[in-house]
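The values are calculated or read from the model by the stated rules, or taken from the named source; none is laboratory data. The shown structure was predicted, so the numbers you read here are calculated from the model rather than taken from an experiment. Positions of Cβ are generated from backbone atoms using ideal geometry, with glycine treated the same way; all protein chains shown enter the neighbour counts. Areas reflect the complete protein model, heavy atoms only, side chains present, ligands, DNA and RNA absent. Shrake-Rupley method; radii C 1.70, N 1.55, O 1.52, S 1.80 Å.
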Amino acid sequence: MTKKERALIALKAHEQGLNCAQCMLLSFADVTGLSEPQSCGIATGFGGGVRCGGICGAVSGAVM
């Protein structure tokens, strides 16, 4: 999958209300083998900067 395809998946997920970490992890579902509900559940707590605002959700989602 190309970077552009992953970005489009993440963008669509963000437009549906998912947080940045969820969007990033979801866009790599083909690599992680996680389902959409699993990806969203795992990354939920990383939204909003791990709820303290100090950590970028997109970066933590990508590292995850």
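Listing for the model above:
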{"item": "Extent along principal axes [Cα atoms of the chain; Å; largest to smallest]", "result": "33, 21, 20"}
{"item": "Only Lys, Arg (+1) and Asp, Glu (-1) charged, at Cβ; the chain dipole about Cα centre in debye", "result": "140 debye"}
{"item": "With Cα atoms, 0 to 90° folded angle of helix 3-15 axis to the chain main axis", "result": "50 degrees"}
{"item": "Förster-model FRET efficiency, 30 Å R0, K4 and T44, C-beta, rounded to 0.05", "result": "0.70"}
{"item": "Apportionment of accessible area to carbon and sulfur, the chain, percent (1.4 Å)", "result": "64 percent"}
